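Novice: Dumping the structure here so I can ask a few things about it.
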Amino acid sequence: NFSGGLKSNYTFPKDFLFGVSTAAYQIEGAWNEDGKSESIWDHLVHTNASFVKDGSNGDVAADSYHHYKRDAEMVQELGVNIYRFSISWPRILPTGLTNQINELGLKYYSNLIDELIKRNVTPMVTIYHWDLPQKLQNIGGWSNAHIVDYYTDYAKVLFDNFSNRVKYWVTFNEPMQTCLEGYGGTYRAPVLNRHGIAEYLCTHNLLKAHASVYHLFNENYRHVNKGKIGMSLDSNWAEPKTDTPQDREAAELYLNTHLGWYANPVYSKEGNYPKDLIKLVDEKSLQQNYTRSRLPKFTPEEVNYLKGTADFFGLNHYTTYLLSMADGEVGAIPSHENDVGIVRVQDPKWPSDSSSTWLKVVPFGFRRLLKWITKTYNNVPIIVTENGYADFSGLDDKARVSYYSHYLNALLHAIHEDNSTVEGYFAWSLMDNFEWDDGYVSRFGLYLVDFKSPNKTRTAKSSAKLYAEVIRSRALPAAYDPEDFTAFSG
Ligand code: PNW
């Protein structure tokens, strides 16, 4: 079944967490207010005007720095149990380091946390959602091994101030976007484009930083609030392009060398990078005349130090691709893409009229991915920390209503038929925001934001009402039809 499950009376478990997600740079604005310094995203949009489709930036965005009370009110209106937001490192530490702690920055997040708790909403904090202090980028950012200490010092400031009130922590949002697209490629800040080298260095340091912060939390802060900590990894589902052994292998290789690149060291029984990835990069590096592999290695002590460093598996999922083996070289040489040697496409017949061209609606892919994670990582508890759909704006967002219905249906089937342990689900996003290189063209919000109005007025869309109803009834609406994809035909 394409939709990921037939019509059912399945309901969401009693303790299931329903949430909504945002990220600091995408909503806060106030980019240089009250002592905040420049992040790598501020720097990118201010120095490269053509990077963002509509020439916009996040200087003001939804201005949540000044409207956080309204944000908390919206979260409460939805009936959501938990709100996932991120903290801006350069707002807390303007030099990137702890020699100077910005009290006004701490105050902003402290106020937001109090406002949420007052409304019975549990705060979930993402410690890093892509906005590194530019001052740290200038000394190498994630490719500088000292970042492990800098990040740990930063996280300690957050734990010291907020662990009494914050129960859920996410160390990193989508490290693959940071490292593969930002260091290897040109799609995310800092647009380093040192493919084949920098994505592996970045990943190596970032995973060590994750483990260091996990241990810090586990040893010193967990008891304060019975807190939990994990990481949010992004993954598409990979479907074999045709039903041949080669394409099936390509699909499995895609998952292992993308999601597994980050998940294996933390969530697998044996730890370390996936064997496939080690072999591919080592062999290619030798062929290419490098003295040593472009993939840095963990020592056995490090493998153990990283293994098991998460209480839950945070998953950000949006869409599906079809995979086949490359015939010949693919991608730039050297690069992760070239090392792995597979080709991904999407089926033009898959429904979508999304403003994000990559966002095809394939609910069965969500269900299969949850099943794959459950099997590969030994029934790890999963929290879906992002899932959502983009359009060009409008209050009666029928396509988004349909997307959420189909994906939540697939999720119910994963829980009830595949025995995946899914503890929570977060819609991306609470409100329209700065969608990175898409600027304000692509809208992901349950709430529409009028970016032209002085107060950045927020209004609930049809999808907000659907989500609130699902949360209230803990099931899909009676009228939901798993066969109906007409909302995506424009
Ligand atoms: C996520 N993909 O990025 C980010 O966490 C959000 O900040 C962002 O606004 C949202 O999704 C929508 O784009 C993505 O590979 C990263 O398909 C990767 C993918 C999709 C989204």
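The values are calculated or read from the model by the stated rules, or taken from the named source; none is laboratory data. Since this is a predicted model, take the numbers as computed values, not measurements. Every residue, glycine as well, gets a Cβ built from its backbone with ideal geometry; the counts of neighbours run over all protein chains shown. Quick note on the areas: whole protein, heavy atoms, side chains included, nothing else; ligands and nucleic acids left out. Shrake-Rupley method; radii C 1.70, N 1.55, O 1.52, S 1.80 Å.
Novice: Would the range 408-427 turn up any residue that is within 16 Å of the ligand (Cβ to nearest atom) and open to solvent by 20 Å² or more (accessible area, probe 1.4 Å)?
Specialist: no
Novice: Can you confirm whether the range 36-50 contains a residue that is of a type in the set (Gly, Ala, Ser), part of a loop (DSSP other than H, G, I, E, B), within 22 Å of the chain's Cα centre (by Cα) and under 17 Å from ALA189 (Cβ atoms)?
Specialist: There is no residue in the range 36-50 that is of a type in the set (Gly, Ala, Ser), part of a loop (DSSP other than H, G, I, E, B), within 22 Å of the chain's Cα centre (by Cα) and under 17 Å from ALA189 (Cβ atoms).
Novice: I would also like to ask the following. Regarding ASP396, is this residue surrounded by fewer than 16 Cβ atoms within 10 Å (Cβ to Cβ), in contact with a helix residue (DSSP H, G or I) (Cβ under 6 Å, 6 or more places away or on another chain) and not basic (Lys, Arg)?
Specialist: It is true that ASP396 is surrounded by fewer than 16 Cβ atoms within 10 Å (Cβ to Cβ), in contact with a helix residue (DSSP H, G or I) (Cβ under 6 Å, 6 or more places away or on another chain) and not basic (Lys, Arg).
Novice: Here is a further query. Check the range 381-398 and report whether any residue there is more than 16 Å from the ligand (Cβ to nearest atom) and within 20 Å of the chain's Cα centre (by Cα).
Specialist: yes
Novice: Provide a single number: the residues in the range 451-483 that are acidic (Asp, Glu) and either farther than 20 Å from ALA427 by Cβ or buried (at least 19 other Cβ atoms within 10 Å of the Cβ) (or both).
Specialist: 2
Each row is one residue, and each column tells you yes or no for (1) of a type in the set (Asp, Glu); (2) over 22 Å from SER335 (Cβ atoms).
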| residue | (1), (2) |
| --- | --- |
| ASN120 | no, yes |
| VAL125 | no, yes |
| ASP131 | yes, yes |
| SER143 | no, no |
| VAL148 | no, yes |
| VAL157 | no, yes |
| SER163 | no, yes |
| TRP169 | no, yes |
| CYS179 | no, no |
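Novice: Could you tell me whether the range 123-138 includes any residue that is under 27 Å from LYS69 (Cβ atoms), open to solvent by less than 10 Å² (accessible area, probe 1.4 Å) and among the polar types (S, T, N, Q)?
Specialist: Scanning the range 123-138 turns up at least one residue that is under 27 Å from LYS69 (Cβ atoms), open to solvent by less than 10 Å² (accessible area, probe 1.4 Å) and among the polar types (S, T, N, Q).
Novice: A follow-up question, please. Looking at GLY55, is it closer than 30 Å to CYS202 by Cβ and assigned to a loop (DSSP other than H, G, I, E, B)?
Specialist: Answer is yes for this residue.
Novice: Let me ask something else about it. Looking at the range 29-44, which of the residues that are open to solvent by 10 Å² or more (accessible area, probe 1.4 Å) and at negative phi is nearest to the ligand (Cβ to nearest atom)?
Specialist: Step by step, filter the range 29-44, then rank; the result is LEU44.
Novice: Residues ILE117, ILE113: which one is hydrophobic (A, V, I, L, M, F, W, C), in a helix (DSSP H, G or I) and open to solvent by 10 Å² or more (accessible area, probe 1.4 Å)?
Specialist: ILE117
Novice: Further, regarding this structure: Which is of a type outside the set (A, V, I, L, M) and buried (at least 24 other Cβ atoms within 10 Å of the Cβ), of THR47, THR95, THR11, THR22?
Specialist: Only one candidate passes the filter, namely THR22.
Novice: While we're looking at this one, here's another question. Across the range 279-292, what is the number of residues that are surrounded by 15 or more Cβ atoms within 10 Å (Cβ to Cβ) and under 29 Å from the mean Cα position of the chain (by Cα)?
Specialist: Qualifying residue count for the region: 3.
Novice: Right, here's the next one. Here are some residues: ASN409, ASN455. Which one is polar (S, T, N, Q), part of a loop (DSSP other than H, G, I, E, B) and either over 28 Å from HIS129 (Cα atoms) or touching a residue at least 12 places away in the same chain (Cβ under 8 Å) (or both)?
Specialist: Sole residue among the options that is polar (S, T, N, Q), part of a loop (DSSP other than H, G, I, E, B) and either over 28 Å from HIS129 (Cα atoms) or touching a residue at least 12 places away in the same chain (Cβ under 8 Å) (or both): ASN455.
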